[in-house]
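The values are calculated or read from the model by the stated rules, or taken from the named source; none is laboratory data. Predicted model, so just to flag it, every value in this text is computed and none were measured. We place every Cβ from the backbone using ideal geometry, glycine too, and count neighbours over all the protein chains shown.
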């Protein structure tokens, strides 16, 4: 008898199988069998096992009388009445025999990770009961299917199952109130993306049901309007939080600043309104009061508004002013944090912001303009054993260097200037504090960039892992560039 698996071309038709109170025969008693048995029991199947040996997990299920152990060797009559045969562990001869039997009898046979012996394939499953998502690869790439499942698992909130259950409980009422398909779809879109969905995500299932019933009684919808302050992170789209991605994709209006990566804006719906409120060098852009008016106006138009900020909205993002304006207008809001630039740029440059023996604390500092930089506590910032993370510092590098060295910070303190952190065009410039401005000019440093000052900044050269290696000036270059800078200064003095 041949033991070669049959070679046939086949297409797989996806199908969900109702196994409630139906008999399923599992061949094998190993860990794989235990994993499959638990899923079968979860959907209400009556499981019987044939195996020469039961490992602990399967043996425990047998002792609990949740599973019946028929015996060590398969008997032909045990196949009668089965809704599914699942092979977790068996010889090639038995697999082939069961495969032929399954094709003759019409009973699905699944051999784990052996698609050639299958008449049915068990897909990778994302379970948000009663919502279930199955991912199959026709048995060709089960590990890839599992990776896809993992991505979907991350994207779909656990609350989705409760939302699906609520929809099912009220399905007849919804059909009765909205017999026309177009109106029913609009209503369900409101349920799945509006206030009921928000309530379920907060764990307020009863409130969600009450909102739906109120809307059904009125045969109309509450406004889906909301305002979300969302952190877009440092730039790399995969660093978005799952909730941030959901809000971006469902927004009617995106009010975004200039630090938001264009790839993130591509996640927005094609019909969404994108409002650029960036403040760029030489251009005052949209003022803060005007931004607040935009948020309020779009909300009152019934829109789902996302105020999208680079990094984290609560770190140097003037979020407090926007929240005060919204609260003053009686508008509820939500805040969705993002990965702030200090954390992201440090990670992508290989810096540990607090390192034993080097830094016991980290300070987040804004150096946006002369007015704010003059108000900083420079004596405190100049103390050692701490890491300074300066936001928006490129235009103030010379002032930062002078103030820190003037207040006692050693000129040989390492610095790392991280441009476009986490993005494909990231650049890291390293050196010593005493040559900070000189080095930045030499490499033509530009915004957006984070400046790190402290002993940990030296790690950028040691633990580099992303993008091009850090840029630095050797002693000869420093001397040459410094000499040229002195000549420029001298010439300006003479001319004056």
Scanning for something crowded, with 19+ Cβ neighbours inside 10 Å and within 30 Å of the chain's Cα centre (by Cα), does segment 408-416 turn up at least one residue?
yes
Unmet criterion (only one of (1) assigned by TED's automatic domain parsing to the domain that holds residue 390; (2) touching a helix residue (DSSP H, G or I) at 6+ places or on another chain (Cβ under 6 Å); (3) outside any strand (DSSP E or B)) for residue 364:
(3)
Any idea which residue in segment 129-145 is modelled with the highest pLDDT, counting only those that are surrounded by 12 or more Cβ atoms within 10 Å (Cβ to Cβ) and assigned to a helix (DSSP H, G or I)?
144
Which count do you get for residues in segment 430-444 that are touching a helix residue (DSSP H, G or I) at 6+ places or on another chain (Cβ under 6 Å) and under 29 Å from residue 264 (Cβ atoms)?
2
Could you pull out the residue among 85, 68 that is touching a residue at least 24 places away in the same chain (Cβ under 8 Å) and not in a helix (DSSP H, G or I)?
85
Unique match (being outside any loop (DSSP other than H, G, I, E, B), under 24 Å from residue 34 (Cα atoms) and in contact with a helix residue (DSSP H, G or I) (Cβ under 8 Å, 6 or more places away or on another chain)) among 122, 148, 126, 107:
126
Please work out which residue is modelled with the lowest pLDDT, limiting yourself to segment 170-183 and to residues that are within 16 Å of residue 217 (Cβ to Cβ) and assigned to a helix (DSSP H, G or I).
183
Could you check segment 88-104 and list, in sequence order, the residues that are farther than 21 Å from residue 19 by Cβ and either touching a helix residue (DSSP H, G or I) at 6+ places or on another chain (Cβ under 9 Å) or assigned to a helix (DSSP H, G or I) (or both)?
92, 93, 94, 95, 96, 97, 100, 104
Filter segment 19-49 for residues that are without any contact (Cβ under 8 Å) to a residue 60 or more places away in the chain, crowded, with 21+ Cβ neighbours inside 10 Å and not in a helix (DSSP H, G or I) and give the result.
45, 47, 49
Suppose we keep only residues that are in contact with a helix residue (DSSP H, G or I) (Cβ under 6 Å, 6 or more places away or on another chain) and surrounded by 20 or more Cβ atoms within 10 Å (Cβ to Cβ) within segment 394-403. Which one would you say is nearest to residue 313 (Cα to Cα)?
396
Does residue 106 satisfy the condition of being over 10 Å from residue 139 (Cα atoms), modelled with pLDDT under 95 and surrounded by fewer than 20 Cβ atoms within 10 Å (Cβ to Cβ)?
yes
Can you pull out every residue in segment 317-361 that is outside any loop (DSSP other than H, G, I, E, B) and under 21 Å from residue 381 (Cα atoms)?
341, 342, 343, 345, 346
In segment 373-382, is there at least one residue being touching a strand residue (DSSP E or B) at 6+ places or on another chain (Cβ under 8 Å), farther than 20 Å from residue 449 by Cβ and assigned by TED's automatic domain parsing to the domain that holds residue 462?
no
Note on segment 63-82: residues touching a strand residue (DSSP E or B) at 6+ places or on another chain (Cβ under 7 Å) and farther than 14 Å from residue 27 by Cα are 81
Would you be able to tell me the number of residues in segment 62-82 that are crowded, with 16+ Cβ neighbours inside 10 Å, over 22 Å from residue 18 (Cα atoms) and touching a helix residue (DSSP H, G or I) at 6+ places or on another chain (Cβ under 6 Å)?
1
